[in-house]
Amino acid sequence: SPPECPFCGEAAGRELEEHVRERHGHLLGAPGTDTGNGEQLYECPMCSLTCTNIQILEEHVNLHLEEHSFSEGGHIRDLELAQQLQTEEDKWQRSREEKREREEFKKLQRQYGLDNSGGYKQQFLKNMEREVDRGRMQPFEYHKRKADMMESLAFGIDDGKTKTSGVIEALCKYYQNENKDVRRVWLSAGVDHFHSSLGDRGWGCGYRNFQMLLSSLLQNSLYRDCLRDTTLIPSIPKIQSMIEDAWREGFDPHGASHFNNRLHGSKAWIGACEIYSLLTSLRMKCQIIDFHKPTGPTGTHPLLFEWVLHYYSTDNEGGAKVVCTSKPPIYLQHQGHSRTVVGIEEKKNKQLCLLLFDPGCSSQEMQKLLKQNNDGTNLKLLRKFMGSLKEKQYQIVAVDGVLSLEEKAARCRASQVLTSEKIP
């Protein structure tokens with residue numbers, strides 16, 4: 001509050017000195033008591049100090065007025081300083097938050113391969129150079145593998161060096177002789193396993209699972225006619241170009257914008273929507289099923305297992321213990337990873353167990369399943385019980401037929417609005 005006048009108590013603001021001189025100037029010259037020697041004493045109206053002459057009193061009162069003025073000005077300066085400090089603190093906090101958001105965004109870009117750090121070719125060469133530096137690869141092997149890789153990329157064909165074939169056939173034989181706890185088992189049509197290589201380690205699982213699915217479709221006469229232009233398994237950069245082609249046809253414009261309509265030359269992760277768009281552009285009749293929340297105790301997804309059982313057992317309800325179906329494998333996606341469902345077990349206690357091909361599993365491990373004396377120990381690579389799949393959300397892409405050109409165009413239009421069905 002503004003300072004009060006010491007004479008009248010009125011708020012005088014910053015003009016206190018002017019107020020005192022105009023309103024109460026007569027008091028400054030008012031005489032006080034007589035000393036008896038003919039001298040007059042003058043009393044300060046603010047502190048009752050007595051002065052011997054009017055000039056001393058005036059100087060004394062001026063000191064009081066200056067003190068009031070300084071006190072008020074100091075209060076204002078303290079307030080301004082506090083406001084300035086708060087403004088600087090807010091500015092610093094905003095700057096720190098913006099910096100954190102930029103770092104988080106860059107981290108996500110790196111995680112999902114959208115940081116322009118190069119793609120399959122660059123990573124392959126860089127990892128081979130690192131192997132040479134560490135003495136794990138001889139220079140002549142480096143140059144040979146580089147030449148093979150360049151040839152593979154030039155033709156757009158996977159080099160097959162991460163492929164394992166014959167696993168489904170080996171599983172069929174194993175289950176025929178297994179008499180312990182499996183009541184029935186349904187297996188997909190034949191499918192090759194592909195694992196990640198030096199060029200796509202850490203981000204290529206979606207592409208590898210597409211290669212697995214395509215390897216099965218190419219063996220099926222129903223789908224082979226739609227895949228005349230894709231008779232061999234494409235390389236990862238080629239798959240990226242194929243997805244870009246699907247986007248250019250009009251599939252999933254929202255998803256395309258997430259990648260700025262470009263995958264080729266990047267390490268971008270892909271998921272169920274990109275697989276759906278690519279398959280549909282190839283005239284594959286497929287659907288995305290979204291299990292968007294757990295449906296069982298402790299975060300489990302029993303409806304996912306039941307859906308897979310229904311998928312494989314429909315039209316395959318015979319009494320045989322081992323059912324080798326003509327159904328293609330299923331693409332299974334969750335946050336951060338994807339795998340391929342190649343079958344499902346039903347235990348004698350009615351418990352269900354999915355059989356999964358994981359791109360993270362090496363060909364050396366997968367080839368153990370091909371051994372004649374397979375006792376089932378290595379099946380732990382494939383088996384996933386309900387308690388093992390406890391991510392918050394799963395998506396699957398399942399192929400079940402082919403599309404006419406009219407149906408393909410209709411699905412293209414539909415994908416611009418909605419691409420998945422939620423269960424439940």
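Things to note:
- Measuring how big the range 326-395 is from its alpha-carbon positions, Rg and Dmax come out at 13.0, 39 Å.
- Close amide H contacts of Ala398 (hydrogens built in the peptide plane, cut-off under 5 Å, sequence separation of 5 or more or a different chain): Gln287, Ile289.
- Cβ-defined net charge surrounding Lys390, 15 Å radius [Lys, Arg +1; Asp, Glu -1]: +3
- Look at the alpha carbon pairs under 8 Å that are at least 6 residues apart: their mean separation over the length of the range 195-352 gives a relative contact order of 25 percent.
- Computed E for Asn177/Glu406 - FRET, C-beta separation, R0 30 angstrom, nearest 0.05: 0.05
- Surface composition of the range 120-422: carbon and sulfur atoms hold 49% of the protein heavy-atom accessible area at a 1.4 Å probe.
- Ordering 385-397, 203-215 by mean Cβ neighbour count within 10 Å, with the highest value first, yields 203-215, 385-397.
- For the range 118-156, the list of trypsin sites (Lys or Arg not before Pro) that fall in a loop by DSSP and count at most 16 other C-beta atoms within 10 angstrom reads Arg134, Arg136.
- Solvent exposure of the range 120-422 amounts to 47 Å² per residue of accessible area, where only protein heavy atoms count and the probe is 1.4 Å.
- Label-point separation in nm, Asp245 to Trp92, each point 7 Å along Cα→Cβ: 5.8 nm
- Contour minus Cα-Cα distance for Glu141 and Thr295 (0.36 nm per residue): 50.3 nm
- Max-minus-min Cα coordinates of the range 114-201 on each principal axis give 51, 29, 26 Å, with the largest extent listed first.
- Overall, the range 120-422 carries a charge dipole of about 700 debye about its Cα centre when +1 sits on the Cβ of Lys and Arg and -1 on the Cβ of Asp and Glu, all other atoms neutral.
The values are calculated or read from the model by the stated rules, or taken from the named source; none is laboratory data. Remember, predicted model here, so these are calculated numbers, not experimental data. Note that we place each Cβ from the backbone using ideal geometry, even for glycine, and neighbour counts take in every protein chain shown. When the accessible area is computed, the model is the full protein with side chains, heavy atoms only, and any ligands, DNA or RNA have been set aside. Shrake-Rupley method; radii C 1.70, N 1.55, O 1.52, S 1.80 Å.
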